[in-house]
Amino acid sequence: MEIYEQETKLYKALMHPARLAILDLLRESEACVCHMEATFGYRQAYISQQLMALRDAGLVEDRRDGLNIYYRITRPQIFAVLDAMRNVTGMRPSAARPAPKTCTCPRCVGEPVINAQLLQV
Ligand SMILES: [Zn+2]
């Protein structure tokens, strides 16, 4: 039964709208918590709570860079699961997510070239 328990742990981590949105955002590249705040309009504590659930499930990891904490995907195979669900629903989130105007993270402020690339994804 252990394999089912492992799978259930992952399904549970996915079973939240905010966590799915975060995974979609991280699919493009790593992002700091402040970028997620600006993108989704959630409070930082709420985002941290969802990130912790994703981290506990082994789906994301964090790294600190100065004042910012960045998150990235550790098991990109999970996107095959998300894509499979979208084949079931027939719905997909819009592919390109423009950088939020209010965000002051390094990705949004200091690296316009990278942002231009992101928008073309
Ligand atoms: Zn940003």
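The values are calculated or read from the model by the stated rules, or taken from the named source; none is laboratory data. If you're wondering where the values come from, they're calculated on a predicted model, not measured in any experiment. No Cβ is skipped: glycine too gets one built from the backbone with ideal geometry, and neighbour counts run over all protein chains shown.
Any residue at all in segment 77-84 that is surrounded by 11 or more Cβ atoms within 10 Å (Cβ to Cβ), within 14 Å of the chain's Cα centre (by Cα) and assigned to a loop (DSSP other than H, G, I, E, B)?
Looking for residues that are surrounded by 11 or more Cβ atoms within 10 Å (Cβ to Cβ), within 14 Å of the chain's Cα centre (by Cα) and assigned to a loop (DSSP other than H, G, I, E, B), one finds none in segment 77-84, hence no.
So residue 94 ticks every box in (1) modelled with pLDDT under 85; (2) over 15 Å from the mean Cα position of the chain (by Cα); (3) more than 16 Å from the ligand (Cβ to nearest atom) but one. Which box is left unticked?
Answer for residue 94: the failing condition is (2).
Being at pLDDT 95 or above, away from the ligand (no atom under 12 Å from the Cβ) and within 11 Å of the chain's Cα centre (by Cα): is that true of residue 50 here?
Details: at pLDDT 95 or above: yes; away from the ligand (no atom under 12 Å from the Cβ): yes; within 11 Å of the chain's Cα centre (by Cα): yes.
Judged against the criteria, residue 50 is a match.
Considering only residues that are touching a residue at least 40 places away in the same chain (Cβ under 8 Å) and in contact with a helix residue (DSSP H, G or I) (Cβ under 7 Å, 6 or more places away or on another chain), look in segment 38-54 and name the one that is nearest to residue 85 (Cα to Cα).
Going residue by residue through segment 38-54, those that are touching a residue at least 40 places away in the same chain (Cβ under 8 Å) are 38-39, 53-54.
Filter once more, so that each one left must be in contact with a helix residue (DSSP H, G or I) (Cβ under 7 Å, 6 or more places away or on another chain): 39, 53-54.
On the way: 39: 23, 53: 20, 54: 18 Å.
Residue satisfying both the conditions and the ranking: 54.
Among the residues of segment 6-18, is any assigned to a helix (DSSP H, G or I) and polar (S, T, N, Q)? Break it down stepwise before answering.
Taking segment 6-18 and keeping what is assigned to a helix (DSSP H, G or I), we get 6-14, 17-18.
Restricting the remaining residues to those that are polar (S, T, N, Q) gives 6, 8.
Yes, because at least one residue in segment 6-18 is assigned to a helix (DSSP H, G or I) and polar (S, T, N, Q).
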